[in-house]
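Enquirer: A single structure is presented below for examination.
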Amino acid sequence: MLNISETLPSPPFRSADPLLQPLWDHLCLHHRSLVSSPFFVVVLAFSSYFFFSLPFAVLDLLGDRVPFFHKYKIQPDRQPTLGMMVKSFMTALFNHMFFVLPAVVVGTLFLPAPTLPKQAPHLYELLTESLASLLLFDTQYFIWHYMHHKNTQLYRWVHAVHHEFMAPFSWSTEQLSIPELMTVGFWSNMDPLLLQCHPMSIWFMTVFSLWMSVEDHIGYDLPWALNRLVPFGLLGGAPAHDMHHQKPSSNYAPFFSHWDRIFGTAVTLKTKTRK
């Protein structure tokens, strides 16, 4: 994603966070050139996508030879092939190499260099800022997603790339068209700026949102997944997004479930009893 973050200085007279401040001091002292680079968030996001997706790709290739995991496969009759995985990954790699990175380079020509505040965020600030960014993005993408499924031309030219496969798998998380990738990237970077998030909150939110995105696409209804651990069905998770690929007129929100519930587009995936 594009890194155009520039945060406000830390508020005066605020006590340092005993948990995060030592880590922040270490990063600023020993890795300042890395974490202040406009390319840092791009590398952080793509590497998160790669390493989070890899274990589930291995599980998909092993299939029913690992019955402990395979029994949680939502669509066991639609197993992704190595060719499908390579195609999705190469699409994501191509997009980042030839569109995201050049966009970051162009951004450095017109935007001021990012600054690093002296103080780390408090833990509650990191969590609340990340949650606020996720909720804002969830709202934006719900509206965008709904519009692209209701308009035939928008779907065909922008969003259809992501729906090539009826059964999503981890590498397909970032199988996106260029317009969709740049739209998602714009929101991902502008939302933390609008909310004046600390850089550490941005990094945490970047990694966490990538995990949520990959988990949405893994195609496994795992009992320890976030949508199972977070109460009240607040998160859609893999079951909701898998149903969206089977029934595209449902479950438009990327992470949370409240907008689909409010607008009547929530559809629950009915799974067989696991043994």
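The values are calculated or read from the model by the stated rules, or taken from the named source; none is laboratory data. It should be emphasised that the depicted structure is a prediction, and the values quoted were computed from it without experimental measurement. Every residue, glycine among them, receives a Cβ derived from its backbone with ideal geometry; neighbour counts consider all protein chains shown.
Listed here are the residues, each with its yes/no results for (1) in contact (Cβ under 8 Å) with a residue 24 or more places away in the chain; (2) on the phi > 0 side of the Ramachandran plot; (3) surrounded by 14 or more Cβ atoms within 10 Å (Cβ to Cβ); (4) out of contact with any helix residue (DSSP H, G or I) (no Cβ under 8 Å at 6 or more places or on another chain).
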| site | (1), (2), (3), (4) |
| --- | --- |
| Phe40 | yes, no, yes, no |
| Val43 | no, no, yes, yes |
| Ser48 | yes, no, yes, no |
| Phe51 | no, no, no, yes |
| Phe56 | yes, no, yes, no |
| Arg65 | no, no, no, yes |
| Phe69 | yes, no, yes, no |
| Lys73 | yes, no, yes, yes |
| Pro80 | yes, no, yes, no |
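Enquirer: When the stretch 132-176 is examined, which residues are found to be in a helix (DSSP H, G or I), without any contact (Cβ under 8 Å) to a residue 60 or more places away in the chain and farther than 14 Å from Pro254 by Cβ?
Expert: Answer for the stretch 132-176, where residues must be in a helix (DSSP H, G or I), without any contact (Cβ under 8 Å) to a residue 60 or more places away in the chain and farther than 14 Å from Pro254 by Cβ: Met147, Lys150, Thr152, Gln153, Leu154, Tyr155, Arg156, Trp157, Val158, Ala160.
Enquirer: Going residue by residue through the stretch 114-131, is there one that turns out to be on the phi < 0 side of the Ramachandran plot, among the charged types (D, E, K, R) and at pLDDT below 95?
Expert: Yes: one or more hits.
Enquirer: So, in the stretch 202-239, of the ones that are of a type in the set (Gly, Ala, Ser) and over 17 Å from Ala266 (Cβ atoms), which residue ends up surrounded by the fewest Cβ atoms within 10 Å (Cβ to Cβ)?
Expert: Ala225
Enquirer: Suppose the filter is buried (at least 16 other Cβ atoms within 10 Å of the Cβ), under 24 Å from Glu129 (Cβ atoms) and either of a type outside the set (Ser, Thr, Tyr) or at pLDDT 95 or above (or both); does Pro192 pass it?
Expert: yes
Enquirer: If you don't mind, another one. Restricting to the stretch 239-263, what's the tally of residues that are in contact (Cβ under 8 Å) with a residue 60 or more places away in the chain, in a loop (DSSP other than H, G, I, E, B) and closer than 11 Å to Asp138 by Cα?
Expert: Here the count works out to 4.
Enquirer: Looking at (1) more than 17 Å from Phe46 (Cβ to Cβ); (2) buried (at least 17 other Cβ atoms within 10 Å of the Cβ), which is the one condition that is false for Ser170?
Expert: (1)
Enquirer: Do we have Thr183 as in a loop (DSSP other than H, G, I, E, B), of a type in the set (Ser, Thr, Tyr) and either surrounded by 15 or more Cβ atoms within 10 Å (Cβ to Cβ) or more than 14 Å from the chain's Cα centre (by Cα) (or both) here?
Expert: Considered against the rule, which asks whether it is in a loop (DSSP other than H, G, I, E, B), of a type in the set (Ser, Thr, Tyr) and either surrounded by 15 or more Cβ atoms within 10 Å (Cβ to Cβ) or more than 14 Å from the chain's Cα centre (by Cα) (or both), Thr183 comes out as no.
Enquirer: Sticking with this one: Restricted to the stretch 104-131, and to residues that are assigned to a helix (DSSP H, G or I) and buried (at least 18 other Cβ atoms within 10 Å of the Cβ), which residue is nearest to the chain's Cα centre (by Cα)?
Expert: Ser130
Matching residues to (1) at pLDDT 95 or above; (2) assigned to a helix (DSSP H, G or I):
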{"position": "Arg14", "(1), (2)": "no, no"}
{"position": "Asp17", "(1), (2)": "no, no"}
{"position": "Ser33", "(1), (2)": "no, yes"}
{"position": "Ser48", "(1), (2)": "yes, yes"}
{"position": "Phe56", "(1), (2)": "yes, yes"}
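Residue by residue, here is whether (1) under 16 Å from the mean Cα position of the chain (by Cα); (2) within 23 Å of Thr115 (Cβ to Cβ) holds:
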residue: Pro192; (1), (2): yes, yes
residue: Gly236; (1), (2): yes, no
residue: Ala240; (1), (2): yes, no
residue: Phe263; (1), (2): no, no
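Enquirer: Which of the residues belonging to the stretch 58-98 are in contact with a Gly (Cβ under 9 Å, 6 or more places away or on another chain) and either among the basic types (Lys, Arg) or in a helix (DSSP H, G or I) (or both)?
Expert: Within the stretch 58-98, Asp60, His70, Lys73, Arg78 qualify.
Enquirer: Would you please name the residue that is surrounded by the fewest Cβ atoms within 10 Å (Cβ to Cβ), looking only at residues in the stretch 241-265 that are of a type in the set (Gly, Ala, Ser) and within 19 Å of Tyr220 (Cα to Cα)?
Expert: Here is the first cut: in the stretch 241-265, the residues of a type in the set (Gly, Ala, Ser) are 249-250, 253, 257, 264.
Keeping just the survivors that are within 19 Å of Tyr220 (Cα to Cα) gives 250, 253, 257.
Values: Ser250: 19, Ala253: 26, Ser257: 21.
Filtering first and then ranking leaves Ser250.
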